[in-house]
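The values are calculated or read from the model by the stated rules, or taken from the named source; none is laboratory data. For clarity, every value in this text was computed on a predicted model and none was experimentally measured. Backbone-built Cβ (ideal geometry, glycine too); neighbour counts: all protein chains shown. SASA here: full protein model, heavy atoms, side chains in, ligands and nucleic acids out. Shrake-Rupley method; radii C 1.70, N 1.55, O 1.52, S 1.80 Å.
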Amino acid sequence: MMGIFALIQALFLLAITPLCTGISRTIRAKMHSRQGPGILQDYRDIFKLFKRQSVAPEQSGVIFQVMPYVLLGSMLVVAMALPVFTATSLFAGAADLIALIYLFALYRFFFSLSGLDSGSPFAGIGASRELTLGVLVEPILVLSLIVVALIVGSTNVGTISATLAQGWVSPTATLLALFACAFAAFIEMGKMPFDVAEAEQELQEGPLTEYSGSGFAMVKLGLGLKQVVVAELFLAIFIPFGKATEFTFIALVIALVLMAVKLLVVFVLASLVENSLARGRFLLTHHVTWLGFGVAALALVFYLTGL
């Protein structure tokens with residue numbers, strides 16, 4: 001029964017994904033003094049793409065074909081495992097932090113490898129830059145999550161969420177881990193200031209150059225769902241308040257409302273910060289990410305010293 005509710009939770013997050021990305025696009029347009037698309041434009045784009053034929057390059061292989069399914073499937077599993085509405089995970093079998101980290105790594109691996117498999121030089125450049133982001137950002141995310149796992153004494157996301165909801169055991173280390181995880185989540189959501197407005201293909205979405213039709217629609221859903229899942233992972237661990245402690249209709253409705261408010265705040269704040277920063281060169285990325293890793297390492301030091 002819990003598995004069914006976990007699947008419903010994942011499908012709900014998938015359903016609101018175009019809405020969340022649409023809010024980000026609208027905020028970006030308004031901050032750039034442009035009319036921009038409507039909030040529901042991403043729904044229209046995805047429905048339009050699903051009606052079109054998917055065309056693959058002649059030199060592409062199996063990886064190019066299966067990548068959209070891997071992206072969407074891996075993020076749906078993560079969405080099932082997170083304690084979004086309830087205090088504990090509804091899909092405890094995949095709620096371990098190590099498993100979730102591997103799912104994110106699987107996502108990035110296939111996303112990058114598909115760019116190489118397409119045979120397009122431009123997609124290959126985008127794939128190499130995606131892997132570079134992974135090397136620079138994933139250690140920050142992993143280390144910040146390891147710190148809270150050590151504090152709680154468990155790597156289960158549901159256990160961590162339920163424990164921190166009762167109060168922070170090591171406030172200083174947890175606060176530093178929060179800042180480091182927020183920094184990594186900001187980058188994983190594709191909010192790095194190394195891009196041009198409405199031109200994601202320049203850097204981060206380079207591997208998608210050769211995708212079209214229904215395959216492109218699935219990839220866009222996968223990319224958007226990752227933003228929602230990363231935001232929910234951050235909220236589930238560090239802002240775990242307002243979850244339903246009882247599996248009742250009223251408790252779930254209250255948890256749903258609070259979840260929507262917290263998720264909206266995360267996307268609005270991320271969009272405001274992203275569009276308030278000047279665009280930088282991609283080669284300077286490591287000059288920015290070392291700061292996040294330093295904060296995560298400092299959180300580990302504070303935990304080990306008991307401060």
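A compact table of results
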| quantity | calculated |
| --- | --- |
| Conditions (1) among the polar types (S, T, N, Q); (2) more than 27 Å from Gly213 (Cα to Cα); (3) crowded, with 20+ Cβ neighbours inside 10 Å: number failed by Ser112 | (2) |
| Close pairs (6 angstrom Cβ cut-off, 6 or more residues apart or separate chains): without any contact (Cβ under 8 Å) to a residue 24 or more places away in the chain in region 258-271, surrounded by 13 or more Cβ atoms within 10 Å (Cβ to Cβ) and not in a helix (DSSP H, G or I) anywhere | Leu258/Gly242 |
| Complete set of residues in region 34-81 that are within 30 Å of Ala94 (Cβ to Cβ), of a type outside the set (Gly, Ala, Ser) and touching a Ser or Thr at 6+ places or on another chain (Cβ under 6 Å) | Asp42, Phe50, Ile63, Phe64, Met67 |
| Subset of region 168-183 (residues that are part of a helix (DSSP H, G or I) and aliphatic (A, V, I, L, M)) | Ala173, Leu175, Leu176, Ala177, Leu178, Ala180, Ala182 |
| Which numbered condition Thr88 misses (of (1) open to solvent by less than 40 Å² (accessible area, probe 1.4 Å); (2) in contact (Cβ under 8 Å) with a residue 40 or more places away in the chain; (3) under 21 Å from Leu11 (Cβ atoms)) | (1) |
| Residues located in region 127-155, provided they are open to solvent by 40 Å² or more (accessible area, probe 1.4 Å), at pLDDT 85 or above and not hydrophobic (A, V, I, L, M, F, W, C) | Glu138, Pro139, Gly153, Thr155 |
| In region 261-282, residue farthest from Gly190 (Cα to Cα) [restricted to those that are surrounded by 13 or more Cβ atoms within 10 Å (Cβ to Cβ) and of a type in the set (Gly, Ala, Ser)] | Gly280 |
| Residue within region 192-211 that is over 21 Å from Val142 (Cβ atoms), open to solvent by less than 30 Å² (accessible area, probe 1.4 Å) and at pLDDT 90 or above present | no |
| Residue tally, condition within 14 Å of Thr285 (Cα to Cα) and either not charged (D, E, K, R) or not in a helix (DSSP H, G or I) (or both), over region 131-150 | 8 |
| Matching entry among Val78, Val70, Val66 (being within 14 Å of the chain's Cα centre (by Cα) and aliphatic (A, V, I, L, M)) | Val78 |
